[in-house]
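Below is one structure, written out as structure tokens, with a few remarks after it.
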Amino acid sequence: PPAEGKAAKPSFTDEAVQNLLYRMTGLNLQKVFRPVKRALKPPKYKLMTEAQLEEATKKAIEEAKVKLIMPPVLNEREPIDDVLAEDKFLEGTETTKYVFTDLTYSVPHRERFIVVREPNGVLRKATWEERDRMIQIFFPKEGRRVIPPVIFKDEHLVTVFQQDRHEDILNMCIAQFEPDSPDYIRVHHRTYDDIEKHAKYDLLRSTRHFGGMVWYLVNRKKTDGLLIDMIQRDLLDDTTSLITLYHMLHPECQSAKETKEGKLQGVDLIKVFVKTESQKEGYIQLALQAYEEAMATSTAS
Amino acid sequence: ALFAGNRLLKGYRGGHVVIRFAMGGCTNRPFFRIVAAHSRRARDGKYLEQLGCLDPLPNAHGERVAGLNLERLRHWLGCGAQLSRPAEKLLGLAGFLPLHPMTVTGAERRRRRAQETVVPAADVSPGPGDAF
């Protein structure tokens, strides 16, 4: 899979990219504010005029935008490998290692000093896993456990995917791991691969994970299933956004050049893209035909 | 109510601030708090400030966890606090202070005793290590 270079290629945090991803995420208020498992309270009913209802909907849209802020997509972190002191004559004094954590409250967690004195006398900086554990012990964060739950192992993720609970496991993953830890990246990639394999794109639509999934698929050029799904649900704007994003990330591909020359819009853009870039040409052509027929019959009737 | 006020305002003659370990925990399960207190106070009594903790028993990952609030430690050391010997040794192991000479001497003595049991006769131990 091609690496995301920051020099020439656009990155996840660029405004244009974020706009495209946000438009594709959709804003289904019913799904964003669906009832979360909480302590039971009796429902409150309000009597409102049309104007008040519009205001309440606007406020709900603002809150939904906050809920749909995308979690960061970062590269995997480099392992820490720094020795501060070597005192070989201390070998044999202790049997187990010491882990020292700096508990100064005003220091950000990334810059905290966490050192390990091994039984062979070496004083080294702690590894990322040790750091995460110590920080969780002394500065506990809600939703995070000291030892990561067993559900994040590959054999148990399969069970989660069979129950269609991709969104829940991704929320748990965000709570448990740092965005640049290898576990976070691995869980996310497994989830996206499973969704792409079974074409369950709608599970993540209107959640904050949709943008990350689209970014992953576009970087690995596996966008065909997503295209078919969008055409079948009559989301033509989303297809144009997806193809624009693809051209931004892979400017050297043929359909990007043709689009720039011809300045194509809408269905023509999709047709050019399908001819040059996709693997499942036949399926996408069929879906397009069905869509055009549906449009024809609806305009005729 | 009356006698609580009496106990709280205990005044001592002399004494100084020390940074030492206060033991807590249960039977066969010690737990140390690194604490700045007056030297004349009881070991587990009223302290000025807690500066960290140390769990002497290894956890599931085989490590002994210790936390040290270095900023407050520097503050108390700047106020002229003294350290107890185990506190000095711990800070030496942590790297905050240079290694305590007794740690080095202890290691040498242990090695010498181990060599003596292995080779009881004609035992010429290596030259003296440099104490700081």
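No value in this document is a laboratory result; all are computed from the given coordinates. The structure presented is a predicted model; accordingly, all values stated were derived computationally and were not measured. Cβ sites come from the backbone with ideal geometry, for glycine too, and all protein chains shown count toward neighbours.
Annotations for the structure displayed:
- Annotation note: of A:Leu264, A:Leu288, A:Leu226, the sole residue that is aliphatic (A, V, I, L, M) and part of a loop (DSSP other than H, G, I, E, B) is A:Leu264.
- Residue in segment B:40-52 that is of a type outside the set (A, V, I, L, M) and within 14 Å of A:Phe100 (Cα to Cα) present: yes
Residue-by-condition table, conditions (1) in contact with a strand residue (DSSP E or B) (Cβ under 9 Å, 6 or more places away or on another chain); (2) among the hydrophobic types (A, V, I, L, M, F, W, C):
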| site | (1), (2) |
| --- | --- |
| A:Thr25 | no, no |
| A:Lys31 | no, no |
| A:Lys46 | no, no |
| A:Glu55 | no, no |
| A:Ala60 | no, yes |
| A:Ala64 | no, yes |
| A:Pro72 | no, no |
| A:Asp81 | yes, no |
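- Residue under evaluation A:Ile169, criteria (1) buried (at least 19 other Cβ atoms within 10 Å of the Cβ); (2) assigned to a helix (DSSP H, G or I); (3) over 13 Å from the mean Cα position of the chain (by Cα), criterion not met: (3)
- From the list A:Ser241, A:Ser255, the lone residue that is assigned to a helix (DSSP H, G or I), over 19 Å from A:Phe12 (Cα atoms) and not charged (D, E, K, R) is A:Ser255.
- Selected residue (only one of A:Arg208, A:Arg190, A:Arg220 is charged (D, E, K, R), closer than 16 Å to A:Ile169 by Cα and over 10 Å from the mean Cα position of the chain (by Cα)): A:Arg190
- Where strands (runs of 3 or more DSSP E) fall entirely within segment A:39-134, none has at least 1 residues that are in contact (Cβ under 8 Å) with a residue 60 or more places away in the chain and either within 10 Å of chain B (Cβ to nearest Cβ) or within 20 Å of B:Pro98 (Cβ to Cβ) (or both).
- Search result, residues across segment A:178-198 that are touching a residue at least 40 places away in the same chain (Cβ under 8 Å) and among the hydrophobic types (A, V, I, L, M, F, W, C): A:Ile185
- When we screen B:Gly106, B:Gly80 for residues that are within 19 Å of B:Gly15 (Cβ to Cβ), small (Gly, Ala, Ser) and surrounded by fewer than 17 Cβ atoms within 10 Å (Cβ to Cβ), the only hit is B:Gly80.
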